[in-house]
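The values are calculated or read from the model by the stated rules, or taken from the named source; none is laboratory data. As the structure is a prediction and not an experimental result, all values here were calculated from the model. No Cβ is skipped: glycine too gets one built from the backbone with ideal geometry, and neighbour counts run over all protein chains shown. All accessible areas refer to the heavy atoms of the entire protein, side chains included, with ligands and DNA or RNA removed. Shrake-Rupley method; radii C 1.70, N 1.55, O 1.52, S 1.80 Å.
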Amino acid sequence: MSEKQEKLDELKKQCLSCEKCGLCRGRHNVVFGVGSANADVMFIGEGPGEQEDIKGEPFVGKAGILLDKMLTAIDLNRNENIYIANIVKCRPPQNRDPLPEEQELCLPWLRQQFAIIRPKVIVCLGRIAAAKIIKPDIRITREHGTIFRKGNVIMIPVLHPAALLRNPKDKPAAFQDFLNLQELLDTL
Ligand code: URA
């Protein structure tokens with residue numbers, strides 16, 4: 001096992017018993033993250049939904065199936081070459097947006113995941129993740145696909161797959177962002 005994977009496993013062990021915010025009271029599982037510890041690219045969502053809470057894995061519901069299809073189309077997959085996590089690791093009740101204080105209290109886990117994996121590219125799935133990680137006033141409908149750089153890390157906001165299920169007309173634009181990401185990854 002790689003050193004990064006060992007560190008990630010140790011971090012996960014600690015995270016599974018986290019009680020820093022009230023979301024711990026309603027959870028069935030902590031959804032720590034999934035994928036390769038050696039990934040060059042990390043995908044960040046907002047928080048687990050019902051299926052994710054049941055299975056303990058991010059993006060396994062309908063939105064996750066769409067995400068996996070888009071990833072497969074650009075030769076990425078969660079078992080091999082990417083890592084997927086969320087801003088908050090426990091499901092907010094009724095799938096409401098995670099509160100600012102819940103995001104803030106959970107963020108140290110994600111920061112430690114970044115510090116271990118050290119991805120070259122971070123893709124933020126949807127407004128909540130992009131606002132927390134890229135800039136608070138992000139306009140996701142206007143700015144999706146834009147490349148932001150922070151230090152040596154490239155950050156890209158994209159439309160959330162759940163939003164694409166609600167608004168299928170946005171799928172071509174969202175898919176173009178994924179094709180551009182594939183091209184970018186080929187240059188790294
Ligand atoms: N939506 C998210 O933002 N994250 C998940 O893990 C599932 C759905």
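Residues in region 153-188, backbone N under 16 Å from the label point at residue 120 (7 Å along the Cα-to-beta-carbon vector): list them, ranges by number please. Within reach of a label on residue 120: 153-156, 180-188. Helix content alone sets the calculated 222 nm mean residue ellipticity of the chain: runs of n ≥ 4 DSSP H residues at -39500 (n - 2.57) each, divided across all residues, give -13000 deg cm²/dmol.
Which of the trypsin sites (Lys or Arg not before Pro) across region 137-188 are loop residues per DSSP, with 15 or fewer other Cβ within 10 Å? Could the numbers behind the result be given before it?
Values: sites: 139, 142, 149, 150, 166, 169; in loops: 139.
Within region 137-188, the qualifying trypsin sites (Lys or Arg not before Pro) (loop, at most 15 other Cβ atoms within 10 Å) are 139.
Once the gyration tensor of the Cα atoms in the chain is diagonalised, the equivalent ellipsoid follows with semi-axes of 23, 20, 16 Å, ordered largest first. Across region 134-140, rounded Karplus estimates of 3J(HN,Hα) from the backbone phi angles (6.51 cos²θ - 1.76 cosθ + 1.60, θ = phi - 60°) give 9, 7, x, 9, 4, 10, 5 Hz, Gly and Pro being marked x. Got a sec? Which residues in region 43-75 would a label at residue 97 touch, if it sits 7 Å along Cα→Cβ and we count backbone N under 16 Å? Residues 45-48 qualify, since their backbone N sits under 16 Å from the label point. Sequence-ordered 3J(HN,Hα) estimates for region 79-85 from the Karplus curve with 6.51, -1.76 and 1.60 and θ = phi - 60° stand at 8, 10, 10, 9, 10, 10, 8 Hz, glycine and proline given as x.
Please give the FRET efficiency for residue 104 paired with residue 13, using the beta carbon to beta carbon distance and R0 = 25 Å, rounded to the nearest 0.05. The pair residue 104/residue 13 has a calculated efficiency of 0.65. Of the DSSP H helices in the chain, those that are both long (alpha-carbon extent of 20 Å or more along the helix axis) and hydrophobic (Kyte-Doolittle mean at least -0.5) are 100-117, 171-187. Proximity of backbone amide H atoms, modeled 1.01 Å from N, is registered between residue 120 and 41 at under 5 Å, excluding neighbours fewer than 5 places apart on the same chain. The fraction of accessible area contributed by carbon and sulfur in the chain is 49 percent, rounded to a whole number (1.4 Å probe; ligands and nucleic acids excluded).
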